[in-house]
Every structure is written in structure tokens, then in C-alpha cells.
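K.L.:
Sharing a structure below in C-alpha cells format, with a few things to ask.
The values are calculated or read from the model by the stated rules, or taken from the named source; none is laboratory data. None of these values were measured; they are calculated from a predicted model. As a convention, Cβ positions derive from the backbone with ideal geometry for all residues, glycine included, and neighbour counts pool all protein chains shown. Heavy atoms of the whole protein, side chains included, go into the accessibility calculation; ligands, DNA and RNA do not. Shrake-Rupley method; radii C 1.70, N 1.55, O 1.52, S 1.80 Å.
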Amino acid sequence: MSDQETPATRFQVVLPDESPDMPPRVLTDLALRAEELGADALWLPDHLLPPGPYGTTFGGVYEPLVTLAHLAARTERVRLGTSVLVAPMRDPFTLAKQAATLHALSGGRFVLGVGVGWSREEFAAVGADFAARGARTDEALRLLRHLFEGEGPFEGRFHSYAHGVFEPRPASPLPVTVGGASERALARAAALGDAWQGVGLDAAGFARRRDRLRELTSRPVRAQTRIAWAGGEAEFERAADLYRALAAEGADAVAVWFGDWEGFGDRMERFAAAVARPAREETAGPA
């Protein structure tokens, strides 16, 4: 355990979901190992119909919501989330039903991480609206909040309804994490999220965006980020130093992807032993 780590920083894991050759049981085994290590949350990526093979660019071989429901039945404490689900490719009413159901089945451990997506080709392949993906994501998040917490009709630009009953209503708050490093992503997190998750940032870049997030809202939106270590000694030292630097900057959580599924568990255990303080058992909340 590093004495440089801030106790408030939560160690999280982005599970491997990039290879069609990976046996599905591997995800269960890794989820259980991560929970034993004290990981605070497990994340899965999302791509429906990418224009190229699944791999380091396109993750999400196993659909994340279905997979997380399976992992919820095998784990006990760890939070389970999407990093990130491409919200404008999904029907928001179906997404709301899936998210609320998963939250209930997991005992309140589900975290809905959303992003707007970036592959124009994938949007075209599934018949989704690429140009309006940001506006559709914003409206989808407002609609989900309304279904989870409100009553009565909803009127939006893309989706409206006058009458309808939504169940199951989340018995505890269902946290929403907004992913991305752009100004628009920060504004979306500030307005509609419980947490923001950056990606591809060094410590200084994270701090700048975290400070910008604080300028955009007075609400307590958690500031988190993702990093990677896929193997190699020099790369390990760089990733460990980055984790410590992010913790020193006050990151609420750092999620780490450990590369290819073969050897993922061993790399995860080594990294956790070197830099990550195991999470204390605590009640589920915004992650």
C-alpha cells in the first residue's frame, strides 16, 4: 500500500470485454477477484455494432447490462457500472426499465455510466442519430430521472408521454456517471450527473477539468477518471505513478483497465498491492 495515496480515492476496475475468444466465465472470475481485493466498482464498456473488430478500440463483446446482472448474482459488495453505455443508441424507456431492474436485483449497487459515443459509422449502422447524440443524451438523462423520481407526463424534443406507470422505482438513488473529457461532457455531468469520469488524462489534465466541473455546479458531483496498464515494467511504473498523482490531486476514484483478459487478474492483483488502498465496506452511493 502506498503512503502517497489519499484515503478518499477509491480503486476501481474496468473489466476486459474486448475479445470474442474470452470465455464468459472469465468475467465472473475476475469480478470475484476484484471484490476480494477491495475494489469499489467494476465497469464494462459498450459497443453495439462497431465498424471494426472488437479489441482495444472497441470494447463490449458481452452486452454490459445483461453481463452486470449476471455479475450482480455472483458478487456481494462491489458496485457495478457501465463505462460507458452509449446512451443515444438506446431507447430511453427500455434503458430506464433495464437500469432500474438491475439496480433492484443488485441491491442498489448499479451505477449507470453514460456517454454520447464517437463512431459515426456505428451510429449509421444501427440507425441512430449521430448529429443530435448530445441533445438526445441530455434528454434521455432527464427522462430517466423523471421516471425514477417523478410522476405525471413528460414532454421532450425526442420523447414524450402523457400517461404511464413506471416500475420498479429505485428504492435507493440510482447514480448516474457521465463520461468524457470535453467541455460538453463536464457541463452534462454538472447538470445531470452524480459523478464525472474522465479518460486519457494526466494528473494536471484531470485537475483542470475537475476544477472546471466545480465552477459549473455547486452540487457534490464526484470527480473520477480511468487509466490503463496492459503490461510491461516501465509501463507499470508510469501507471502506478499516475495513479498516485491522481490520488494526490484528490480524485474520488481511479478505475484501471489491465489489458487483455489473459493475465488480467495477475496484473490487477499486482497493481492493487502496489498502489491501491482496499475500499472499506460502505453503503452504496454515487460512484
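K.L.:
With an 8 Å Cα cut-off and a minimum separation of 6 or more residues, compute the relative contact order for the range 1-126 in percent. Let's see the in-between values first.
P.N.:
Working: 181 pairs, mean separation 32.0, N = 126.
Taking the mean separation of contacting Cα pairs over the length of the range 1-126, I get 25 percent.
K.L.:
In whole Å, what are the extents of the range 11-161 along the principal axes defined by its C-alpha atoms, from largest to smallest?
P.N.:
Its Cα atoms span 45, 38, 22 Å along the three principal axes.
K.L.:
If the chain between Ala204 and Ala171 were fully stretched, how many nm would it gain, using 0.36 nm times the residue separation less the Cα-Cα distance? It would help to have the intermediate numbers written out before the result.
P.N.:
Numbers: separation 33, 0.36 × 33 = 11.88 nm, distance 3.81 nm.
Length gained, Ala204 through Ala171: 8.1 nm.
K.L.:
Magnitude of the Cβ-charge dipole of the chain, K/R +1 and D/E -1, about the Cα centre, nearest 20 debye? If you can, show how the numbers build up before the last one.
P.N.:
On the way: 32 positive and 39 negative charges, 169 e Å.
The calculation lands at about 820 debye.
K.L.:
Over the chain, average the accessible area per residue using a 1.4 Å probe and give it in Å², no decimals. Mind dumping the intermediate values first?
P.N.:
Details: 12580 Å² over 287 residues.
Accessible area per residue: 44 Å².
K.L.:
Return the Rg/Rh value of the range 44-104, two decimal places, where both radii are evaluated on C-alpha atoms and Rh is the Kirkwood radius. Spell out each step's value before the answer.
P.N.:
Details: Rg = 12.3 Å, Rh = 12.5 Å.
Dividing the radius of gyration by the Kirkwood radius yields 0.98.
K.L.:
So what is the relative contact order of the chain, in percent, for Cα pairs below 8 Å that sit 6 or more residues apart?
P.N.:
25 percent
K.L.:
Also, quick follow-up: For Asp21 and Asp260, calculate 0.36 nm times their separation in residues minus their Cα-Cα distance, and state this gained length in nm to one decimal. Kindly include the intermediate steps, with their values, before the conclusion.
P.N.:
Working: separation 239, 0.36 × 239 = 86.04 nm, distance 1.08 nm.
Once the chain is fully extended between Asp21 and Asp260, it gains 85.0 nm.
K.L.:
While we're here: Find the Cα radius of gyration of the chain, compare it with 2.2 N^0.38 Å by division, and give the number to two decimals.
P.N.:
0.96
K.L.:
While we're here: In whole percent, what relative contact order does the range 43-115 give with Cα contacts below 8 Å and a gap of six or more residues?
P.N.:
Values: 92 pairs, mean separation 26.1, N = 73.
It rounds to 36 percent for the range 43-115.
K.L.:
Just the number, please: carbon plus sulfur as a percent of the accessible area of the chain, 1.4 Å probe, no ligands or DNA/RNA counted. Can you show the working numbers first?
P.N.:
Numbers: 6560 of 12580 Å².
That share works out to 52 percent.
K.L.:
List the GluC sites (Glu not before Pro) in the range 18-106 that DSSP assigns to loop (not H, G, I, E or B) and whose Cβ has at most 12 other Cβ atoms within 10 Å. Which are they? Spell out each step's value before the answer.
P.N.:
Details: sites: Glu18, Glu35, Glu36, Glu76; in loops: Glu18, Glu76.
The qualifying sites are Glu76.
K.L.:
On to the next question. Write down the Kirkwood hydrodynamic radius of the range 102-242, to one decimal in angstroms, obtained as one divided by the mean of 1/r over all alpha carbon pairs. Could the numbers behind the result be given before it?
P.N.:
Details: mean 1/r = 0.0580 Å⁻¹.
It works out to 17.2 Å.
K.L.:
For Ala135 paired with Arg214, estimate the spin-label separation in nm (one decimal), with each label point 7 Å from Cα along the Cα-to-Cβ line.
P.N.:
About 3.4 nm, to one decimal.
K.L.:
State, in angstrom, two size descriptors of the range 87-134 derived from its alpha carbons: Rg to one decimal place and Dmax to the nearest whole number.
P.N.:
According to the Cα coordinates of the range 87-134, Rg and Dmax are 12.9, 37 Å.
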